[in-house]
1. Please find, within the stretch 14-28, the residue that is modelled with the lowest pLDDT out of those that are among the small types (Gly, Ala, Ser) and more than 14 Å from ALA49 (Cα to Cα).
2. Might you check whether a residue that is modelled with pLDDT of 95 or more, in a helix (DSSP H, G or I) and under 22 Å from the mean Cα position of the chain (by Cα) occurs anywhere in the stretch 30-51?
3. If I filter the stretch 68-88 down to residues being more than 25 Å from the chain's Cα centre (by Cα) and of a type in the set (S, T, N, Q), which single residue comes out as modelled with the highest pLDDT?
4. Condition first: touching a Gly at 6+ places or on another chain (Cβ under 7 Å) and either open to solvent by 60 Å² or more (accessible area, probe 1.4 Å) or touching a residue at least 40 places away in the same chain (Cβ under 8 Å) (or both). Now tell me which residues in the stretch 35-52 satisfy that.
Amino acid sequence: QSFKLLGFLDVKSVPCARESVLYGSLGSLVVGLGHFLATSRVRRSCDFAVGGFICTMLGYWFYCRYNLAQQRIRRRMLKEGMRNKTLFEGSSLDPERKQTGNERSDS
């Protein structure tokens, strides 16, 4: 059973969605309560709370997605490096293999 936010954002299966909503609600609470304690204006504090939710949620969404993309790139590079290591291991193309004088003169 999945939870869809606003009818289209599946919080359970979309990466970073759950954390973004949770941090957004925490940001909403902090901003709204802080504004209320400072001004004692309820309606304006609710407006600030909604704005705090949107800003915090979007901020964490972009931060999380950026880190996720970096992780995928690193994972792809590591996977390719491991494949190349097994492919070239022991051959003349192996960068870790020490070249002797005979091999250098042959090539």
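The values are calculated or read from the model by the stated rules, or taken from the named source; none is laboratory data. Every value quoted in this text rests on a predicted model; they were computed, and no experiment measured them. Note: ideal-geometry Cβ built from the backbone for every residue, glycine included; neighbour counts use all protein chains shown. Each accessible area value is taken on the protein alone, full model and side chains, heavy atoms only, with ligands, DNA and RNA left out. Shrake-Rupley method; radii C 1.70, N 1.55, O 1.52, S 1.80 Å.
1. So the first thing to find is which residues in the stretch 14-28 are among the small types (Gly, Ala, Ser), and the list is 17, 20, 24-25, 27-28.
Add one more test, that the residue is more than 14 Å from ALA49 (Cα to Cα), and what stays is 17, 20.
On the way: ALA17: 85, SER20: 90.
Applying the filter and picking the extreme gives ALA17.
2. Checking the stretch 30-51: not a single residue is modelled with pLDDT of 95 or more, in a helix (DSSP H, G or I) and under 22 Å from the mean Cα position of the chain (by Cα).
3. Here is the first cut: in the stretch 68-88, the ones more than 25 Å from the chain's Cα centre (by Cα) are 83-88.
Checking which are of a type in the set (S, T, N, Q) leaves us with 84, 86.
Numbers: ASN84: 79, THR86: 76.
This residue is ASN84.
4. Restricting attention to the stretch 35-52, the residues satisfying the condition of being touching a Gly at 6+ places or on another chain (Cβ under 7 Å) are 45-46, 48-49, 52.
Correct list: CYS46, PHE48.
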